[in-house]
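Take a look at the structure below.
Just so it is clear, none of the values below were taken in a lab; they were calculated from the coordinates. Predicted model, so just to flag it, every value in this text is computed and none were measured. All Cβ positions, glycine included, derive from the backbone under ideal geometry; neighbour counts span all protein chains shown.
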2 protein chains.
Amino acid sequence: MPIALPPTCCISVNCVVLGFDSKKLNVLLEQREYLIDGKKVVDHMLPGGLMTDNEDLDEAATRLLHEKAGMRNLKMFQFKAYGSRSRIKGRNDIEWMKQQLGVEIVNPLTIGYASVGKIGRKLNLHNAPKGISWFPVEEALKMPLAFDHAILIQDAIKMLQYSIETDPIIVFNLMPLKFTALQLRTLYECIYRKELDVRNFKKKMKQYEYVVPLEEVEQGVAHRAARYYRFDRVKYKKYRRGMD
Amino acid sequence: MPIALPPTCCISVNCVVLGFDSKKLNVLLEQREYLIDGKKVVDHMLPGGLMTDNEDLDEAATRLLHEKAGMRNLKMFQFKAYGSRSRIKGRNDIEWMKQQLGVEIVNPLTIGYASVGKIGRKLNLHNAPKGISWFPVEEALKMPLAFDHAILIQDAIKMLQYSIETDPIIVFNLMPLKFTALQLRTLYECIYRKELDVRNFKKKMKQYEYVVPLEEVEQGVAHRAARYYRFDRVKYKKYRRGMD
DNA sequence: ACAAAAGTGTTTGGAGTACACCCATGA
DNA sequence: TCATGGGTGTACTCCAAACACTTTTGT
């Protein structure tokens, strides 16, 4: 009988969960606490953990997101593998690994997974363990993060930009059921990190028949009320089929 | 002292080496031999192997390409991680793993790396072990390949298409020092897997100042001689800087 | 009245695409 | 003389980008 190799236990998965709150893009971070020379240090990391044996990569991502952030039923997609020793940024990461995992991992291989959604129903912190919270992406990138997690966040956003171009279904999940043109434009501005022209954006919206205008308008705003829109999944599918 | 985790020994790396021979795109495959019920079976796989402990992912890819195909100094880029149990395609893969590696790997995680170049100086089989050879991509995809290697090949080509759009430097490496418009067009047709209009392609070439026409023309061809062109790396860098 | 955001069209330039004929060369 | 590939220009369409004023509503 062949001898089984050690399990795939030194592969980790990290999740970049991007949540939109109708104003800006946020990323989910977990607080990390450890001791350096007896002094408590606190910083942040992406939720994630080690893969177990006999587990698909995709399954591991789903499981870890549930364990670490209390979230279920989120579609995640893999965007990149990271496997350079230079991922370890100084003593902080080394000490944390020793204290948290009880091990020294020489070469920390991680697979980056991303998920995006609107903060609210599915994407909330109700079941999240202590220490998990949202941070605006801009802020998060300036904070001291574990390992190369800042790079993971940037890569995940790049991937998001790319996948929106090939299939904008993702924005469905980032918008509430009804939304204004401003909200939708704000989302695109967050994702592309640049301002978009109001009129050109509206023109674009009109082209897409699956973005349907409603009669309903905003209530109680201190300016002219904006029209609401909704996504029509049936029309979207028809539209997509028409592309082949 | 913390206990070291088992080494990262169940992670494999597979290399999709794409070589252009001025006519078509080829992929490097390794012959795989094993026994099924005492009968010898031969099929093909992408060169690759297991990562060792204390090794960067990128290093592993470079090392494996050297060990398995005798090639050095090739730039490789990672394109995707594959980690589903369904990668294993029936008994063939299971038997091969047992006989070749002496182990049963429950969940074969592999990281796909790609490299592209022109077949010739750097990219040749002079130092390649027996069983390594080039196959036209079209043929390779129809052959029985190990695991999900056909998918890896397709993904690598997709990645190639994408990276050429963002940075066409790759085509520099696929062309000889001097080349005709036909050769360059043929390359693009291979990569995009469709025919391109001659005149429109020429028009495009003229736009790119870093593709410089030479006075020299082909010799001894049975038709009007084609002009040669070359890539100018300095102009290319200038051109790229102008894009920001 | 004023502050704040909504709503609305036109123009321009560049890029992609489709398309057909004559030219030079060696066999 | 013929077969082979080289070389060349125009017209149309589509898309992206730039750009300014009037309307509605609550305070």
Please identify, among B:63, B:227, B:32, the residue showing maximal mean-square fluctuation in a Gaussian network model of chain B using a 10 angstrom Cα cutoff. B:227
Evaluate peptide A:165-178: per residue, the Cβ atoms of other protein chains within 10 Å of its Cβ; return the mean as an integer. 0
Do any of A:202/A:238; B:80/B:122; A:23/A:235; A:204/B:235 go past 31 Å between their Cα atoms, and which? A:204/B:235
Dividing the convex hull volume of the alpha carbon atoms of the protein assembly as shown by its residue count, what do you get in Å³ per residue? 205
Burial ranking of peptide ranges B:83-89, A:127-133 (average Cβ count within 10 Å, highest at the top): B:83-89, A:127-133
Distance in Å, no decimals, from the C-alpha centre of the stretch B:111-133 to the one of the stretch A:154-218 is 45
Only bridges whose two residues both fall in the stretch A:11-166 count here: according to DSSP, what percent of them are antiparallel, nearest 5? 65
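Filter the DSSP H helices in chain B by two things, a Kyte-Doolittle mean of at least 0.0 and an axial alpha-carbon span of 15 angstrom or more, and list the hits by number.
B:149-166, B:181-192
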Averaged across the residues of A:55-67, what count of C-beta atoms belonging to other chains lies within 10 Å of each residue's C-beta? 2
Counting only DSSP loop positions in the stretch A:169-202, the trypsin sites (Lys or Arg not before Pro) whose Cβ has at most 14 other Cβ atoms within 10 Å are A:178, A:193, A:194
Computed from every Cα-Cα pair in the stretch B:175-241, P(r) in 10 Å bins starting at 0 and rounded to whole percents is 19, 48, 30, 3, 0
If the cut-off is a Cα-Cα distance under 13 Å, which aspartates and glutamates reach residue B:39, setting aside same-chain residues fewer than 8 apart in sequence? B:95
Fraction of the pair-distance distribution of the stretch A:1-108 above 17 Å, Cα-Cα pairs, percent: 62
Can you list, largest first and rounded to whole Å, the semi-axes you get for chain B by taking the square root of 5 times each eigenvalue of its Cα gyration tensor? 38, 21, 15
Provide, in order from the shortest bin, the percent of all Cα-Cα pairs of the stretch B:149-199 in each 5 Å bin, continuing until the bin that contains the maximum pair distance. 4, 18, 26, 25, 17, 6, 2, 0
Amide H of residue A:44 versus every other amide H placed in the peptide plane: which residues, excluding those fewer than 5 positions away on the same chain, fall under 5 Å? A:32, A:146
List the GluC sites (Glu not before Pro) within the stretch B:128-197 that DSSP assigns to loop and that have no more than 10 neighbouring Cβ atoms inside 10 Å. B:195
